[in-house]
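Here's the structure we're looking at; comments come further down.
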Amino acid sequence: MGFWDHLWLGVAAVFTASPAFELLGLPVSTTVIMIASGFGVGIVVGATPGLAGPMAMAIALPILISVFGVSADALLPVLGFLIGIMKGATIGGAVPAILFNTPGTPDALLTTFDGYPMAKKGQARKALKAAHFASASGDTFSDLVLFTSAPFLAIMVERFLDLPEKTGLIILSLSFIAAVVGNSAAKGLISAGLGLLAAYIGKGEDFYPRLSLGQDALADGFPVVTAVLGVLILGEVFKGIEDLVRSGPQSPTRSQAVSKADSRFGWKEVVLCWPYIRTSALIGTAIGALPGIGSTLAATLGYASGRRSHARKYPDQPKFGTGRIEGVAATEAANSAVSGANLIPVLSLGIPGNAAAVFLILAMDSIGGFNPGPSVFKLQGGVVGEGINPELVVVFGIFTAMMVANALNWSLGGLFMRSVGVMAHIPKHLLLPVILLLTLTAIYVQLTSMAGVYMAIGFGLLGYFMRRVGVSVLPFVIAFILGRNLEETARQAFAATGGDVWFLFHSPIAFAFVLASVVVVTLALWRPGARKKPN
Amino acid sequence: MSARQETQTNGKARNNSALALGLALFVLALLILWVWVPLDTDSGLIEKVRRRWVIGDALAPSVAAVVLGLGGAFLALVALMGRAEPLDLSVSNVVFALAYLVLLVAAFHVMRWVGPGLVALSDQAQSYRSLRDTVPWKYLGFVSGGFLLVLASIVAVERRLSARAVLVALLAPLAIALIYDLPFDDLLLPPNGDL
C-alpha cells in the first residue's frame, strides 16, 4: 500500500467509520461529531478565565476512554475530541480578553492590549471578528506546515538516526525544554531532574522495584495520570484557591457594551491585517515546532513584531495598545499558529512540546495501538507493496480531524465565539473547587484506587510548591513522560554498541546532540532572569 | 530606611532564599545519589549479565539526581552572584498547603466512611460492598465528601457561609456523580472501587 492509499484510508476513517446518524441521506461519523463537540467545549473553556484547554482535556480523557474503550477504533474519536478542545480553547481565550479585559487563556493577555480599547470604543464585535479571522488563519497555516514537515522530519530521523543518536536527541529535547521554559535554566533543570526521578521510581529491569522503599504501592511506579494531572492541574488549582483565599472573591467583570455600530470586518480590514497575520503565523509556527516554548511567547513576539512594523510604516497613526485592529490580529495569529506546529515533535519524534500535546500522548498511550515517533510514517511494504501501516492511517486520520476542526472554525467558530462571553461571569472561587473534585474523580475512575488519588494530591502539592518558587512544571511533566523512553533507548544503544560506555560520543550526530544540549543549557544559564517568562 | 537600602535588603533576602533552595536541592541530590539509590536498588550503574555489559537499574535515577543536583548548584551560584529570581514562598504558603491537605484528607475520609457507616447504622442485612453499586448507597460517600471539599473551599474564599456556597457544594458532586455514573456501568465512583 502506498502513500495515497494510506491517505485515503485515514480520510475514510474520519468520515465513514462508525456513522452515528444520517443527515440529508449522508452518514455523519462519530469522529466528526466528537471533533465538533470538542471544538465547542474548547471555545467555552477558553472563554472561561481560570479554565484552560489542558484542564478540559484532562477531565475529558477518562470519560472518553469509558465511552470508546481502548480498542483501535477509539483512537480517532478520542483524539478528535481532544484536538477540538485544543483548537477551540485557542480562539475562546480572546473573548473575555476583548470584552472584559481578562484573558481567558495566558496567551490571550496581549489581545487585551488592543482588543479591550476597541471594545471601549464600541468596536467589540469588530475586534472579535478580527481575532477569529487571525486565529483561524494562523491555525490553518500551522496545520499545513505540520502536514508537510512532520513526515519529512520523521523520515530524516528514521534514516539518519540510530539508537545512540536517538538517545542524544531525547537528551537534547529535555535540555532544551529545561533551558527555555520558565524564567531560569537552573529551575528548569531542577524541574526536569525531579520529573526524571519520579519516572524512575519502581519498575526497572531487576526483580526488586528500584527506589520503592519496600512499598508495594510504589513497586509499579507512579501512574502517568497521577503525576501529570497532579502537577499540571491540581497544583494550579491549589495555587488558584490560595490566591483567592488571600485576595477574596473577585467581583464579576463588567463587559463593554457590544455595539453594532462599527462591527464590520470586510476586505478592507482583511487587507489591513493580513501582513501582521502573515508574519505572526510564521513566528507562531516556528515557536510551536520547538518543544517547550509556549504560545504566550509566540503571542509576545508576534505582537512585538507587529508593533515595530506598524510604528515604522505608519509613524503618524495611533500606535499598538490604543485599540488597533492589527494588534489583535498579530497576537491571535501568533498564539493560534502554535497549536498545529506543536504536533510536529509529537508525531515525528514522540516528544510532547506543551501541555496539550502531553494529553494527546497520554490518550495515545492509554488507548494503545499508536506510538508516536518516526516509525509511524513508515510506508510498510513500500510504495508498491501491499502492507498497511495502521499507525500511518491514524496519522492521516489526525490530519483530517485537524482540517475538519479548521473547517468548523472558519464556518461556525466566529459565531459560537461571539456567544460565549457570558462564561467570564462565572466566579473563579466557585469554579476551582468543582474543577478540583472533577479532576480527582477523573483520576479515581481511571485507576479505581484511593492510593492513586493520594499520589495525585502529593504531586499536586509538589506542583503547587514548584509554582510558588517559580519553577515551571512543564519540564517535570515532559521529563516524566520521556524518562522511561530515554532509559529504554539508552539501554538498547548500550547493548547494541557492545557495552560501550562512550556510545554517545563515538557517533558524530549523537555527540553533536549532546554538545548542543550543553551549549543550550550554558547559554540559558549565562543570562539568568534576563528572559521574559513565557508561560 | 531609604528606598535604595530597602531595595538592597529585598534583593539580599530573595538571593538568600534562592541560595537556601539551591543548596537544599543540591544536598537532596547528593543524598539520593549516595544513600537512596545504592540502598534501594538491586543493580549498579552498569552490570555484567551473562558475559554482556548492560545498564543497571541505578544509572537512570543517578542521572536524574545529577540533573537535580546541577540545577540546585546553578541556582545557588546564580544567587551568590546576586542575580536570583524572587521566590514567592512564605510560611503562610506552607500553612495553607498543610491546611488544604488536611481538608482533602478529611473529605476523602468522609467519602470513605459515610457509606459503610450508614449501612452499619441502618438495618441492612447486606454489607456495603454488596450495596456499593446500588442507589442511593453508591452516591452517599462521594456526595458527602465532595460536599465538604467544595463547601470548605468556597467558604475559605468568601469567609462566610452562604446559601449559594451550600447549593454549589451540593449540586457539583451530584452532577459529577451523575456524569460518570449514569452513562457508564463499568465506572465506580470514589471510594467504591476500594471497598
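The values are calculated or read from the model by the stated rules, or taken from the named source; none is laboratory data. Note that this is a predicted model, so its numbers are computed, not measured. Reconstructed Cβ throughout: ideal geometry from the backbone, glycine too, with neighbour counts over all protein chains shown.
Within segment A:403-459, which residues are over 30 Å from residue A:95 (Cα atoms) and either among the hydroxyl-bearing types (Ser, Thr, Tyr) or in a loop (DSSP other than H, G, I, E, B) (or both)? It would help to see each step written out before you state the result.
Filtering segment A:403-459 for residues over 30 Å from residue A:95 (Cα atoms) gives A:443-459.
Hits for segment A:403-459 are A:444, A:448, A:449, A:454.
So for segment A:405-424 (the condition being within 14 Å of chain B (Cβ to nearest Cβ), touching a residue at least 24 places away in the same chain (Cβ under 8 Å) and surrounded by 23 or more Cβ atoms within 10 Å (Cβ to Cβ)), does at least one residue qualify? Spell out the reasoning first.
Within segment A:405-424, the first condition is being within 14 Å of chain B (Cβ to nearest Cβ), and the residues that meet it are none.
Scanning segment A:405-424 turns up no residue that is within 14 Å of chain B (Cβ to nearest Cβ), touching a residue at least 24 places away in the same chain (Cβ under 8 Å) and surrounded by 23 or more Cβ atoms within 10 Å (Cβ to Cβ).
Inspect all residues belonging to segment A:56-64 and state whether any of them is free of Cβ contacts under 8 Å to residues at least 40 places away in the same chain, more than 22 Å from residue A:443 (Cα to Cα) and not basic (Lys, Arg). Don't jump to the end; show me each part of the working.
At the first step, the residues of segment A:56-64 found to be free of Cβ contacts under 8 Å to residues at least 40 places away in the same chain are A:56, A:60.
Now narrow it down to the ones that are more than 22 Å from residue A:443 (Cα to Cα): none.
Taking every residue of segment A:56-64 in turn, none turns out to be free of Cβ contacts under 8 Å to residues at least 40 places away in the same chain, more than 22 Å from residue A:443 (Cα to Cα) and not basic (Lys, Arg).
From the list B:195, B:174, B:161, pick out the single residue that is modelled with pLDDT under 90, more than 7 Å from every other protein chain (Cβ to nearest Cβ) and surrounded by fewer than 19 Cβ atoms within 10 Å (Cβ to Cβ).
B:195 is the lone residue from the list that is modelled with pLDDT under 90, more than 7 Å from every other protein chain (Cβ to nearest Cβ) and surrounded by fewer than 19 Cβ atoms within 10 Å (Cβ to Cβ).
Which condition from (1) within 21 Å of residue A:227 (Cβ to Cβ); (2) modelled with pLDDT under 90 is the one that residue A:315 breaks?
The one condition residue A:315 does not meet is (1).
Output the number of residues of segment A:99-125 satisfying the condition of being closer than 19 Å to residue A:412 by Cβ and at pLDDT 85 or above.
From segment A:99-125, those closer than 19 Å to residue A:412 by Cβ are A:104, A:125; that's our starting set.
Next cut, at pLDDT 85 or above only: A:125.
The number of residues fulfilling the criteria is 1.
For segment B:145-158, indicate whether the set of residues that are assigned to a helix (DSSP H, G or I) and more than 22 Å from the chain's Cα centre (by Cα) is non-empty. Full working, then the answer.
First, pick out the residues of segment B:145-158 that are assigned to a helix (DSSP H, G or I): B:145-158.
Now drop any that are not more than 22 Å from the chain's Cα centre (by Cα), which leaves B:158.
Scanning segment B:145-158 turns up at least one residue that is assigned to a helix (DSSP H, G or I) and more than 22 Å from the chain's Cα centre (by Cα).
For segment B:159-179, which residues satisfy the criterion of being of a type outside the set (Ser, Thr, Tyr) and not in a helix (DSSP H, G or I)? Quick ask: steps written out before the conclusion?
Let us first name the residues in segment B:159-179 that are of a type outside the set (Ser, Thr, Tyr), namely B:159-161, B:163-179.
B:159, B:160, B:161 - these are the residues of segment B:159-179 that are of a type outside the set (Ser, Thr, Tyr) and not in a helix (DSSP H, G or I).
Select, from B:89, B:25, B:75, B:19, the only residue that is modelled with pLDDT under 95, crowded, with 22+ Cβ neighbours inside 10 Å and under 27 Å from the mean Cα position of the chain (by Cα).
On the way: B:89 fails: crowded, with 22+ Cβ neighbours inside 10 Å; B:25 fails: modelled with pLDDT under 95; B:19 fails: crowded, with 22+ Cβ neighbours inside 10 Å.
It is B:75.
When you scan segment A:247-258, do you find a residue that is part of a helix (DSSP H, G or I) and modelled with pLDDT of 90 or more, even just one? Give the steps one after another, and end with the answer.
The initial filter retains those residues of segment A:247-258 that are part of a helix (DSSP H, G or I), namely A:247.
Adding the requirement that they be modelled with pLDDT of 90 or more leaves none.
Within segment A:247-258, none of the residues are part of a helix (DSSP H, G or I) and modelled with pLDDT of 90 or more.
Of the residues A:88, A:80, only one is more than 20 Å from residue A:299 (Cβ to Cβ), part of a helix (DSSP H, G or I) and modelled with pLDDT of 85 or more; which? Break it down into steps so the answer makes sense when it comes.
On the way: A:88 fails: more than 20 Å from residue A:299 (Cβ to Cβ).
Exactly one residue qualifies, and that residue is A:80.
Out of everything in segment A:173-205 that is in a loop (DSSP other than H, G, I, E, B) and more than 7 Å from every other protein chain (Cβ to nearest Cβ), what residue ends up being surrounded by the most Cβ atoms within 10 Å (Cβ to Cβ)?
If we filter segment A:173-205 for residues that are in a loop (DSSP other than H, G, I, E, B), which is where we start, we get A:181-184, A:201-205.
Now narrow it down to the ones that are more than 7 Å from every other protein chain (Cβ to nearest Cβ): A:181-182, A:201-203.
Details: A:181: 30, A:182: 27, A:201: 21, A:202: 19, A:203: 19.
Ranking the candidates gives A:181 first.
Residue B:94 - would you say it is part of a helix (DSSP H, G or I), under 30 Å from residue B:149 (Cα atoms) and under 27 Å from the mean Cα position of the chain (by Cα)? Steps first, please.
Numbers: part of a helix (DSSP H, G or I): yes; under 30 Å from residue B:149 (Cα atoms): yes; under 27 Å from the mean Cα position of the chain (by Cα): yes.
For residue B:94, the condition - part of a helix (DSSP H, G or I), under 30 Å from residue B:149 (Cα atoms) and under 27 Å from the mean Cα position of the chain (by Cα) - is met.
Return the pairs, sorted by first residue and then second, in which the second residue is part of a helix (DSSP H, G or I) and surrounded by fewer than 21 Cβ atoms within 10 Å (Cβ to Cβ), the first residue lies in segment B:54-75 and is within 7 Å of chain A (Cβ to nearest Cβ) and of a type in the set (Val, Ile, Thr), the beta carbons are less than 9 Å apart, and the residues are 6+ apart or on different chains.
Going by the 9 Å Cβ cut-off, the qualifying pairs are B:54/A:491; B:54/A:495; B:55/A:491; B:55/A:495.
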